[in-house]
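Before any comments, here is the structure.
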Amino acid sequence: MKVKWLIATVLLVGCASTSDEAESTAKSIYVAPNGSDENSGTLKHPLKTVRQATKKATAGTTVYLRKGTYHEAMSVRYSGTKQQPITFRNYQDEQVVLSGEKIKDRDDVLPIIKIKDQQYVTVQGLTIEAVQTKRTDATPIGILVTGSGSHITLKNNTVRQIKTLAKEGNAHGIAAYGTGAIRHLTISGNRVEQNRLGFSEALVLNGNVKHFRVTKNVLRDNDNIGIDLIGYEGIARSKKDDYVREGIVSENRVYRTSSYGNPAYGKEYNAAGIYVDGGKDLTIEKNLVEASDIGIEVTSEHAGRYAEDVIVRQNDLRRNVYTGIAIGGYDAKRGGTKRVRIEQNQLIGNDTKGLEGGQLLVQHDVRDNKIIGNTFSGSLSVAHYFKTSSGNQFEKNTFKHTKRFMWRDASYKTEQSFLKAVRKGE
């Protein structure tokens, strides 16, 4: 379902005034559509292009973009430090757009913003939009973090209208691909919306990514997976580290995430709002996923591999088309789910089209998981059609408006008979 792919200092001379000199000394660079790249980069004498600003933005620099649309890509050239990070952001509350409409469609990866092998860099308050391709072998991306790096922050940006127009194409809104080690990545307060993704995802972490936070983002109206944490796709150079781990996904809101009508999927409802595909040691908490195909899914698509040691707690899963939470591989050729703790979640009115996914869907190769203290509200609460499960526990859950349960492809009408079947089968 997912794609594989894979010094100069700030000017202190040429200032027009004493105030301009003070601004330059403070390592602020300004860019405006009516500026000139021959200017000093001060508030009164701004640069014209983001590209020129990236050449001058060394450690300790904040690049302020003034109101307007910039038809150019941005590649971060230098790292900051803990004491002197580099920031690219909008000036005050001005609306700043980086548009990909004029990006030349000739490479296999087409990012509007690229951060490769950098540390202590923040991108904040920008709108990134409108890069697309008709090529199957090209991947448009709004913001790409790749290679090795640490302490990268993506904050309060809007990423929209990133599109693949190929029938079997791929696109991402925000992507972090850890070919080397990416550490301490923060993605917070962003809006990722109205993207056409093909086989790929709106917000994805893949490969050697560790110690991250994905928090308080809004993802809506995307035609495939919302947030995805992936392992075992051959992205990382180190095979033993080729999976996303030790991170938190919390307080995100995901609406209307559906693959139905996506040319890559046709009339299938396959897209999860939040998907763990081979990730480990993760916490998924306090998120809202509504009116999507699947609320939260935790498994691995690769046979013999697992999503392991994941906590899924205090999430709100409402009115999703197929199911609220899914664990286990979608067929017997996939991997599975081990030692996942599903607790204190609200699963309300999912399976809206009667696809028999229920509120909780238990699939192939599901082992030693605990489902504790959740509220299930719907006609079919638990749906389990495979017989490859063991060691799973249901404790202190509340079932409302429930008419039946499915376990190991057998139907039960009461909670007592269902729980007895679970214990007997384990």
(request) Compute the Cα gyration tensor for the range 185-337, then decide on rounded, prolate or oblate, letting a ≥ b ≥ c be the square roots of its eigenvalues: rounded whenever a/c is under 1.5, prolate when a/b is larger than b/c in the other cases, and oblate in all that remain. (result) rounded
(message) Run the reach check for LYS403 against lysines, Cα to Cα strictly under 27 Å, same-chain hits fewer than 8 apart removed. What comes back?
(response) LYS353, LYS370, LYS387, LYS413, LYS420, LYS424
(message) Using the basic label-point model (7 angstrom from Cα toward the beta carbon), what is the HIS401 to ILE248 distance in nanometres?
(response) 3.3
(request) Sort largest first and round to whole Å: the equivalent ellipsoid semi-axes of the range 292-384, each the square root of five times a Cα gyration tensor eigenvalue. (result) 20, 15, 10
(message) Need one number: % antiparallel among DSSP beta bridges in the range 188-333, to the nearest 5.
(response) 5
(request) Would you please give the residues with an amide H less than 5 Å from that of GLU297, counting only those at least 5 places away or on a separate chain, with H modeled from the backbone geometry? (result) ILE274, TYR275, VAL276, ALA326
(request) Would you mind counting up the charge near GLY147? Only other residues with Cβ under 15 Å from its Cβ, with Lys and Arg at +1 and Asp and Glu at -1. (result) +3
(message) Need one number: nm distance between label points at ARG213 and LYS167, each 7 Å from Cα along Cα→Cβ, rounded to one decimal.
(response) 4.5
(request) Counting only DSSP beta bridges with both residues in the range 126-276, tell me the antiparallel percent, nearest 5. (result) 5
(request) Please report how far the C-alpha centroid of the range 37-60 lies from that of the range 321-391, rounded to the nearest whole angstrom. (result) 53
(message) From the C-alpha coordinates alone, can you work out the Kirkwood hydrodynamic radius of the chain, in Å?
(response) 22.2
(message) What distance in nm lies between label points placed 7 Å from Cα along the C-beta direction at ALA410 and LYS239?
(response) 4.2
(message) Using a 1.4 Å probe on the protein heavy atoms, what percent of the accessible area of the chain belongs to carbon and sulfur?
(response) 45
(request) Go through the range 205-268 and name the trypsin sites (Lys or Arg not before Pro) that are in a DSSP coil and have 12 or fewer other Cβ atoms within 10 Å of their Cβ. (result) LYS267
(message) Please give the Cα centre distance for the range 199-213 versus the range 66-145, rounded to the nearest Å.
(response) 17
(message) How much of the DSSP bridge set in the chain is antiparallel, in percent, rounded to the nearest 5?
(response) 5
(request) Output the pairs from LYS104/LYS239; LYS55/LYS104; LYS67/LYS210; LYS56/LYS167 with a Cα-Cα distance over 30 Å in this structure; if there are none, say none. (result) LYS104/LYS239; LYS67/LYS210; LYS56/LYS167
(message) Using amide H atoms built in the peptide plane, which far-off residues or other-chain residues are under 5 Å from THR139 H to H?
(response) VAL109, LEU110
(request) Pop the C-beta distance of LYS267 and ILE372 into the FRET formula with R0 = 30 Å and round what comes out to the nearest 0.05. (result) 0.25
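The values are calculated or read from the model by the stated rules, or taken from the named source; none is laboratory data. Treat the numbers as computed from the prediction; the structure is a model and nothing was measured. Cβ: placed from backbone, ideal geometry, glycine included. Neighbour counts: every protein chain shown. Calculation scope for accessible area: heavy atoms of the full protein, side chains included, ligands and nucleic acids excluded. Shrake-Rupley method; radii C 1.70, N 1.55, O 1.52, S 1.80 Å.
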